[in-house]
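Here is the structure we will look at, set down as structure tokens.
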Amino acid sequence: MIFKKLFVNCCYLHVHRCRATKLIAVLSTTPSPGEQHVKCLGIPHSILNSKSASTECGRTGKGNKENMATDNLTAVLHGIEDLRLEQRPIPEIANDEVLLAMDSVGICGSDVHYLTAGRIGDFVVTKPMIIGHEAAGVVAKVGKCVKNLAVGDRVAIEPGVPCRRCDHCKQGKYNLCADMVFCATPPYDGNLTRFYKHAADFCYKLPDHVSMEEGALLEPLSVGVHACRRAEVGLGSKVLILGAGPIGLVTLLAAQAMGAAEILITDLVQHRLDVAKELGATHTLLLDREQSAEETVKRVLCTMSEAPDKAVDCCGAESSARLAIFATRSGGVVVIVGMGAPEIKLPLINALAREVDIRGVFRYCNDYPAALALVASGKVNVKRLVTHHFDITETAKAFETSRYGHGGAIKVMIHVQPRDANNSVKF
């Protein structure tokens, strides 16, 4: 990849479809003169000392713009292969929001897909969009009506905020809300930025012993928790997981925590299967691209003690969805998490005749508290998933590493503040 000039005034980063990388200028991220950072929080005094953006519940004030910090370096996707670092205005919060000094942001496969394809399904990048949604930060300011958080709290951010009023929201299925505002899903901005505002009730305070990186990883872990809940994984379940990428691995962790007795996980990359084995998978299976789903089923059944009663497809490929259906025992459940082509060929008659339920998964819903509890209690350890660390000024290199899997990359973490600045113990 060749990355064009990084101008200091607009921190411009442009990605081209070449393989070499060239940095022309060095970004300056030094705080403005006179700005200091609160120890262990990384929040400029000018933010802490500025007037609240909320004057009273239900009415919004302007805040004290003169005292606000000015460095808000932000990763902005302008289109296919066009990711730039820019300065953006620090947002003003509403009464029910908090301003966050971002700390850690993980790169998701969807972030990479927006960079390379400019769309995922019906979600199309039509204007510049701030990237990133797997994140944790520190509360820098609270709105007038916020009661659950205070300045200095370390929080994990659930990136989707629903309308709270529609039938889906009222029935507790807010992930299906048609008016969902979800980070880094067009047309809404994400949170790979120094300062970001978010609904306070979708921020979860982290215990002191939980790191900021683990807080960011609650996002993918919540997908795994939701997938296992949809599959009704429980004590004694025998689970087949298709794909040992980040989502497959967090699904493995969630299934273990929920009582699965036997777990087989498959992939095309041996390194990922090795990591899955480290994390406790009962069996791993390296797939052969040349084999059909029907042929692979025989290998699955020979490996496991009996046919799995739950299958979770974390790939989205037609072949993996077919394998999930064929391999699942009669009366079992297949959950499809990975999103691939809009239309694929599936053996529906096979599933119908054997009453195999096929269920979809879209993000998560009421799963963040459970994910946090699993990590905080030590029942789930997500630290092994993080393989690479980069500063926000190295966003281009971070995306290249995630995109091409350099160095056995699984989860690439971007640090908006210095590493461990807000951790009680080094990650």
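Being in contact (Cβ under 8 Å) with a residue 60 or more places away in the chain and either basic (Lys, Arg) or assigned to a strand (DSSP E or B) (or both) is the filter here, so list the residues in the stretch 170-194 that pass it. Don't jump to the end; show me each part of the working.
Residues of the stretch 170-194 that are in contact (Cβ under 8 Å) with a residue 60 or more places away in the chain, as a first pass: 172-176, 182, 184-187, 189-194.
Correct list: Lys173, Phe182, Thr193, Arg194.
Okay, residues lined up against (1) farther than 30 Å from Ser377 by Cα; (2) open to solvent by 60 Å² or more (accessible area, probe 1.4 Å):
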| position | (1), (2) |
| --- | --- |
| Met258 | no, no |
| Asp267 | no, no |
| Ala281 | no, no |
| Glu294 | yes, yes |
| Val300 | yes, no |
| Glu306 | yes, yes |
| Ala311 | no, no |
Checking Asp367 against (1) under 30 Å from Arg154 (Cα atoms); (2) open to solvent by 20 Å² or more (accessible area, probe 1.4 Å), the condition it does not meet: (2)
Looking at (1) open to solvent by 10 Å² or more (accessible area, probe 1.4 Å); (2) in contact (Cβ under 8 Å) with a residue 60 or more places away in the chain; (3) not hydrophobic (A, V, I, L, M, F, W, C), which is the only condition Lys205 fails? (2)
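Return yes when Glu355 is without any contact (Cβ under 8 Å) to a residue 24 or more places away in the chain and either open to solvent by 60 Å² or more (accessible area, probe 1.4 Å) or in the same structural domain as Glu86 (by the TED database) (or both) and no when it is not.
In short, no.
Can we say His388 is open to solvent by 70 Å² or more (accessible area, probe 1.4 Å) and either farther than 18 Å from Cys314 by Cβ or small (Gly, Ala, Ser) (or both)? Break it down into steps so the answer makes sense when it comes.
Values: open to solvent by 70 Å² or more (accessible area, probe 1.4 Å): no; either farther than 18 Å from Cys314 by Cβ or small (Gly, Ala, Ser) (or both): yes.
The answer is no for His388.
Hand me the list of strands (runs of 3 or more DSSP E) wholly inside the stretch 195-267 holding 1 or more residues that are modelled with pLDDT of 95 or more and acidic (Asp, Glu). Spell out how you get there, then give the answer.
Values: elements: 195-199, 203-205, 238-242, 262-267.
In the stretch 195-267, the matching strands (runs of 3 or more DSSP E) lie at 262-267.
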Is it the case that the stretch 119-140 has a residue that's part of a strand (DSSP E or B), more than 25 Å from Glu214 (Cα to Cα), open to solvent by 10 Å² or more (accessible area, probe 1.4 Å) and in contact with a helix residue (DSSP H, G or I) (Cβ under 6 Å, 6 or more places away or on another chain)? yes
Residue tally, condition surrounded by fewer than 24 Cβ atoms within 10 Å (Cβ to Cβ) and assigned to a loop (DSSP other than H, G, I, E, B), over the stretch 141-158: 11
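The values are calculated or read from the model by the stated rules, or taken from the named source; none is laboratory data. The shown structure was predicted, so the numbers you read here are calculated from the model rather than taken from an experiment. With ideal geometry, Cβ positions are generated from the backbone for all residues, glycine too; neighbour counts draw on all protein chains shown. Areas reflect the complete protein model, heavy atoms only, side chains present, ligands, DNA and RNA absent. Shrake-Rupley method; radii C 1.70, N 1.55, O 1.52, S 1.80 Å.
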